[in-house]
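The values are calculated or read from the model by the stated rules, or taken from the named source; none is laboratory data. This is a predicted model, so every value here is computed, not measured. In this analysis, Cβ positions are derived from the backbone assuming ideal geometry, glycine residues included, and neighbour counts consider all displayed protein chains.
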Amino acid sequence: MWKFLLPFAAFVALVVLFAFGLNPKRDIHALPSPLIGKPAPEFALPDVLDASRTVSNATLKGQVYLVNVWGTWCVECRVEHEALLAISQQHVVPIIGIDWSVDHGMGESDKAKQWLERLGNPYSQVAFDKEGRTAIDFGVYAAPETFLVDRQGNVIFKLISGMTQEVWEKEFLPRIAAAGKGGA
Amino acid sequence: MSRGSPRLPALALAAALAAALAGIGIACAEPPAAGLDAQGQLQNPELQVRFERIAKELRCLQCQNESIADSNADLARDLRRQVREMLVAGKSDDAIFSFMTDRYGEFVRFAPPLSPKTALIWGAPFFMLLLGGAVIYRVVRQRSRMPLDE
């Protein structure tokens, strides 16, 4: 009895393992964020558009908002830009941009400014993370990454890849509705 | 012809594995004194030793199979800076590891600490060893009952 049952059980276990492991829809580079359900890291950084001003998420307490970490060096960020623009025009929630400078130079801030002037600005505010410290606090490892923060200031969802209309409707809108609208 | 017990080498292997695991677990934390030089390198050689051990133990998430000690990625460089700064600030190894896992999750460590969630990872080699031992034991016993000339 065992002689037949054991190999069969092993076979079934392998099928289940492969069905999960080889699923082409599963992104092996997308890791679960330990930040989910925890307070969003606080930041106060210079404004990309006007370095004399400070962008801080402390002023957004009580609102639902998005944090989008991007950079002009990031190809996928260019791809998602149109989707972000379209989303910003729906005025559902404010989108806070964090311009992640990987070379720690001021050049990225100027490039970001030009990028927004040329391609349009989907952000209500854009912060300049010159030293990449805020990116580390958010556990960012592959821009673009988008975080959804609820009224209590907790991160409730993280998208690791470019924003698309489909993802926005499927993953973000229901969660925003559940969290109570933020008002853009 | 000898039919020595297959359990002996298996036991020795398990003992060696356990010793290696205990070695990984040893951690030391001493208050540092010196700072960073102009190149952002640690001046204190003791801290440098700790830095190298910690950096080898942290995964670069941009490249996933390299440690931040080996990787040239921008994020790895930023995380190395973070580790050095925390060492200079007198943080313990545990504090540095929890700083990283709080932000990047357990996956950032190559050897995650033993917990209910990681029990399967740590236990699997021993389980496989036992399984293999059991199979060999059964096969050898069965064959020992067979007549010598078939």
If only one of A:H91, A:H104 is within 14 Å of another protein chain (Cβ to nearest Cβ), more than 11 Å from the chain's Cα centre (by Cα) and part of a loop (DSSP other than H, G, I, E, B), which one is it?
A:H104
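Working only within the stretch A:123-133, note down all residues that are within 14 Å of chain B (Cβ to nearest Cβ) and in contact (Cβ under 8 Å) with a residue 24 or more places away in the chain. Steps first, please.
The initial filter retains those residues of the stretch A:123-133 that are within 14 Å of chain B (Cβ to nearest Cβ), namely A:129-133.
Passing the criteria: A:D129, A:K130, A:E131, A:G132.
Let's see how each residue does on (1) in a loop (DSSP other than H, G, I, E, B); (2) of a type in the set (V, I, T); (3) in contact (Cβ under 8 Å) with a residue 60 or more places away in the chain; (4) surrounded by fewer than 22 Cβ atoms within 10 Å (Cβ to Cβ):
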position: A:A135; (1), (2), (3), (4): no, no, yes, no
position: A:G139; (1), (2), (3), (4): yes, no, yes, no
position: A:A142; (1), (2), (3), (4): yes, no, yes, yes
position: A:T146; (1), (2), (3), (4): no, yes, yes, no
position: A:K158; (1), (2), (3), (4): no, no, yes, yes
position: A:E166; (1), (2), (3), (4): no, no, no, yes
position: A:P174; (1), (2), (3), (4): no, no, no, yes
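Within the stretch A:134-154, how many residues are among the hydrophobic types (A, V, I, L, M, F, W, C) and more than 14 Å from chain B (Cβ to nearest Cβ)? Can you show your working first?
To start, the set of residues in the stretch A:134-154 that are among the hydrophobic types (A, V, I, L, M, F, W, C) comprises A:135-136, A:138, A:140, A:142-143, A:147-149.
Then keep just the ones that are more than 14 Å from chain B (Cβ to nearest Cβ); that gives A:148-149.
Selection size over the stretch A:134-154: 2.
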Could you tell me which residue of the stretch A:1-44 is farthest from A:Q152 (Cα to Cα), considering only residues that are modelled with pLDDT under 85 and among the charged types (D, E, K, R)?
A:K3
Could you look through the stretch A:22-56, keep only residues that are more than 13 Å from chain B (Cβ to nearest Cβ) and of a type in the set (S, T, N, Q), and pick out the one that is surrounded by the fewest Cβ atoms within 10 Å (Cβ to Cβ)?
A:S52
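Of B:R53, B:R81, B:R103, B:R77, which residue is in a helix (DSSP H, G or I) and within 15 Å of the chain's Cα centre (by Cα)?
Values: B:R81 fails: within 15 Å of the chain's Cα centre (by Cα); B:R103 fails: within 15 Å of the chain's Cα centre (by Cα); B:R77 fails: within 15 Å of the chain's Cα centre (by Cα).
After ruling out the rest, the residue left standing is B:R53.
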Sort through B:V88, B:V139, B:V83 and tell me the only one that's farther than 17 Å from A:G139 by Cα, of a type in the set (V, I, T) and within 14 Å of another protein chain (Cβ to nearest Cβ).
B:V139
May I ask you to verify whether A:V64 is surrounded by 15 or more Cβ atoms within 10 Å (Cβ to Cβ), hydrophobic (A, V, I, L, M, F, W, C), more than 18 Å from A:L116 (Cα to Cα) and at pLDDT 90 or above?
yes
Among the residues of the stretch A:39-87, count how many are without any contact (Cβ under 8 Å) to a residue 60 or more places away in the chain and part of a helix (DSSP H, G or I).
7
